[in-house]
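Novice: One structure follows; several queries about it will come next.
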2 protein chains.
Amino acid sequence: MLTIKSHSHDYKVEPYSSLGAALRTVTALERAHFLIDAEIARLYADELAQAVVPERTVIVPASEEQKSFEVLTPIFLQLLQAGLKRDGNLVVVGGGVVQDIGCFIASVLFRGLRWELVPTTLLAQADSCIGSKSSINIGSYKNQIGTFYPPHRVLLVVAVLATLPPDEIRSGMGEIIKLQLLKGEEDFRELMTDLQEFQGGLGTVEKWVLRSMAVKQPYIEEDEYDRGVRNLLNYGHTFGHAYESATHYGIPHGIAVTLGILTATFVSVELGFVPAAHYQELKRLLAPWHSPYGGLLRAASSTGIFQAIRHDKKNTGDAVNCILTRGPGRMEKIKVRFQEELVPAVSRFLATETT
Amino acid sequence: MLTIKSHSHDYKVEPYSSLGAALRTVTALERAHFLIDAEIARLYADELAQAVVPERTVIVPASEEQKSFEVLTPIFLQLLQAGLKRDGNLVVVGGGVVQDIGCFIASVLFRGLRWELVPTTLLAQADSCIGSKSSINIGSYKNQIGTFYPPHRVLLVVAVLATLPPDEIRSGMGEIIKLQLLKGEEDFRELMTDLQEFQGGLGTVEKWVLRSMAVKQPYIEEDEYDRGVRNLLNYGHTFGHAYESATHYGIPHGIAVTLGILTATFVSVELGFVPAAHYQELKRLLAPWHSPYGGLLRAASSTGIFQAIRHDKKNTGDAVNCILTRGPGRMEKIKVRFQEELVPAVSRFLATETT
């Protein structure tokens, strides 16, 4: 059991053996309302039927369109019409998209409603369930609206990962890889050793879920609002976000991050921050975790990629803020000149490294 | 100059002699975008033209419909399309409705954007410009969505009150009366003396704007999130909100609060908290400040009024939380039984006191 400090309220991450066991512990069950990922609702219908009141349940498909400001209205209204009150509790069961929707709603409904989160993807469990952030799209602007408002409890059920498709596991692994690279050489190598024996079951996944949260915790506690050291958690993300956008979300987020990590490392080599050998080793180790999406990236418009990098919400002027690396555990935020430095290096990466 | 403490960031209230003088001090003017009340844009077109860039300006009519979650999307998109970035500044010029919209947008855009507020109504200047709250409607649910996110600066231009219609002055006075009643006997009597000589010019208004903020400040600093002592600022509001709702917003907010103060005092008499003489005196003193809206209230559906009281977001069960009074400076939060106590007392008030 982990306790995370937050400006809003501290919260615990509590492990449970099954979805049913977790949901039986929901606070104020008689006033609880549920927001549930459509796929989870289908796969775990029987277990959910034991714990969840249908009249107080909203089912949400986990698609990028659902994460839009424009489509939040019916969800708010369903919750209010079902009688959700300010002393209620919004129980959110799902991955990143449903978490984003639930977090945003909880943060603005009644100026802040209690909510509890059961993350159901590897990415949500190892990474996004802690850290307070919600991200909502509006029009063609991605993730420009959001809040900092952590759940009041995280109910961690590693067992639900068993029903995830392989790409969802690889997507979560992108953030796990990033966090262990941030931690340092030793942890990263231990992860790589475990991953070489990974056969698609849950294996050592629970260990790395917990280890990833442990790496993330000090960053979000020290800099919850992401104005300083937390920026380092964006390692691989400036590029990853651009790859998602330029492929119209054809690459799962965490896999785009894995490709983004490789890009950031390649750029770090080009700018003289790290020896080429580090990139070459990462390239070899991470290949199984992004293949064959490199091909999708090669087919994407490089104009689209560079536009997305420029429009990333973290950029405020003509230089681009990148998290570059001097090696495992040695990431730094660097202003990279867009035309002179970034475009040539990333173009070379896209041309030669995405085969 | 006042400095207000907030969980999010401290902020100053700075007086200026004119709208132009205030706007010339806007932070990062080259990255500032403007959200301006349509009526202010019309009345102060020349002064605004000196300070405001049209391409970075959104004009908003100050209507209850504009304050809806459903109609925020085009405003967000206009701001983003005009190039507002996370290092920008949203300058909000208007009264309560425009403030609510601007505050909500600033609190969720880029997970929190700098914003500066020029309150242009008496109610906004004396009361709502400090305290961090935004309130947004959704569907038929009023003020159920919102955030706590104060402006980074409040630019106070008392001179703009000169162009307000008389009912807007009386509306602001409702909150000023409430705050001075909360302060105590002496301040309330001083206000009443000044108001007897009030001839519709600005007169002593600036003094009471500043004195009202001074009363409000300790409540919002001690209990920004409105979980305890700040509740007392809702004196008159449970009834006032219901009167607004039941008359379809035919009564301006602050005037509904004045009627709500009288109701709360009447109920306090009925329940034995305060002598009838206190109510009789308030009734006489406040009459000029709500007439003739008592008539509108008499014509309203009492079913509608009682439904609204029950659905007030501050109520969580079968009893209704009311701020009652034992006299000036002695307000208390009391749970009042709905059917047995509240309905009879308020029915009597509506039947006999709204002539």
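Novice: Could you list, in sequence order, all residues of segment B:49-70 that are of a type in the set (Gly, Ala, Ser) and within 14 Å of chain A (Cβ to nearest Cβ)?
Specialist: Scanning segment B:49-70 gives a single hit, B:68.
Novice: Further question: Hey, any hits in segment B:16-33 for a residue that's in a loop (DSSP other than H, G, I, E, B) and under 30 Å from residue A:9 (Cβ atoms)?
Specialist: no
Novice: Same structure again: If we keep just the residues of segment A:1-37 that are within 21 Å of residue A:219 (Cβ to Cβ) and of a type in the set (Gly, Ala, Ser), which is modelled with the highest pLDDT?
Specialist: A:6
Novice: Of all residues being assigned to a loop (DSSP other than H, G, I, E, B) and among the aromatic types (Phe, Trp, Tyr) in segment A:216-258, which is farthest from residue A:297 (Cα to Cα)? Just the residue, please.
Specialist: A:225
Novice: How many residues are without any contact (Cβ under 8 Å) to a residue 12 or more places away in the chain and loosely packed, with under 15 Cβ neighbours inside 10 Å if we restrict to segment B:202-235?
Specialist: Of the residues in that region, 6 qualify.
Novice: Follow-up. Output the residues belonging to segment A:266-290 that are part of a helix (DSSP H, G or I), under 18 Å from residue A:326 (Cβ atoms) and of a type in the set (Gly, Ala, Ser).
Specialist: Once the filter is applied, which keeps residues that are part of a helix (DSSP H, G or I), under 18 Å from residue A:326 (Cβ atoms) and of a type in the set (Gly, Ala, Ser), segment A:266-290 yields A:268, A:276, A:277.
Novice: Can you name the number of the only condition in (1) touching a residue at least 40 places away in the same chain (Cβ under 8 Å); (2) out of contact with any helix residue (DSSP H, G or I) (no Cβ under 9 Å at 6 or more places or on another chain); (3) assigned to a loop (DSSP other than H, G, I, E, B) that residue A:295 fails?
Specialist: Tallying (1) touching a residue at least 40 places away in the same chain (Cβ under 8 Å); (2) out of contact with any helix residue (DSSP H, G or I) (no Cβ under 9 Å at 6 or more places or on another chain); (3) assigned to a loop (DSSP other than H, G, I, E, B), residue A:295 fails exactly one: (3).
Novice: When segment B:44-75 is examined, which residues are found to be closer than 22 Å to residue B:23 by Cα, part of a helix (DSSP H, G or I) and either in contact (Cβ under 8 Å) with a residue 12 or more places away in the chain or not assigned by TED's automatic domain parsing to the domain that holds residue B:103 (or both)?
Specialist: Within segment B:44-75, B:47, B:48, B:50, B:51, B:55, B:56, B:75 meet the criteria.
Novice: Counting just the residues of segment B:74-84 that are under 23 Å from residue B:39 (Cβ atoms) and not aromatic (Phe, Trp, Tyr), which one comes out farthest from the other protein chains (Cβ to nearest Cβ)?
Specialist: Out of the qualifying residues, it is B:82.
Novice: Looking at segment B:309-325 only, could you name the residues that are in a helix (DSSP H, G or I) and modelled with pLDDT of 90 or more?
Specialist: B:309
Novice: Scan segment A:17-57 residue by residue and report those that are of a type outside the set (A, V, I, L, M) and under 21 Å from the mean Cα position of the chain (by Cα). Spell out how you get there, then give the answer.
Specialist: Initial filter on segment A:17-57 (of a type outside the set (A, V, I, L, M)): A:17-18, A:20, A:24-25, A:27, A:30-31, A:33-34, A:37, A:39, A:42, A:44, A:46-47, A:50, A:54-57.
Listed by number, the residues that qualify are A:37, A:39.
Novice: For segment A:85-189, give me every one of the strands (runs of 3 or more DSSP E) that falls completely inside it and has 1 or more residues that are more than 13 Å from every other protein chain (Cβ to nearest Cβ), at pLDDT 95 or above and in contact with a helix residue (DSSP H, G or I) (Cβ under 8 Å, 6 or more places away or on another chain). Full working, then the answer.
Specialist: Working: elements: A:89-94, A:114-119, A:136-138, A:141-145, A:153-156.
Hits in segment A:85-189: A:89-94, A:114-119, A:153-156.
Novice: Can you tell me how many residues in segment B:314-355 are surrounded by 13 or more Cβ atoms within 10 Å (Cβ to Cβ) and polar (S, T, N, Q)?
Specialist: Summing the residues that are surrounded by 13 or more Cβ atoms within 10 Å (Cβ to Cβ) and polar (S, T, N, Q) in segment B:314-355 gives 6.
Novice: Let me ask you something else. Just the residues that are out of contact with any Phe, Trp or Tyr (no Cβ under 9 Å at 6 or more places or on another chain), farther than 18 Å from residue A:210 by Cβ and crowded, with 24+ Cβ neighbours inside 10 Å, please, taken from segment A:145-185.
Specialist: Matches in segment A:145-185: A:171 only.
The values are calculated or read from the model by the stated rules, or taken from the named source; none is laboratory data. Given the structure is predicted, the values throughout are model-derived calculations rather than measurements. Cβ: placed from backbone, ideal geometry, glycine included. Neighbour counts: every protein chain shown.
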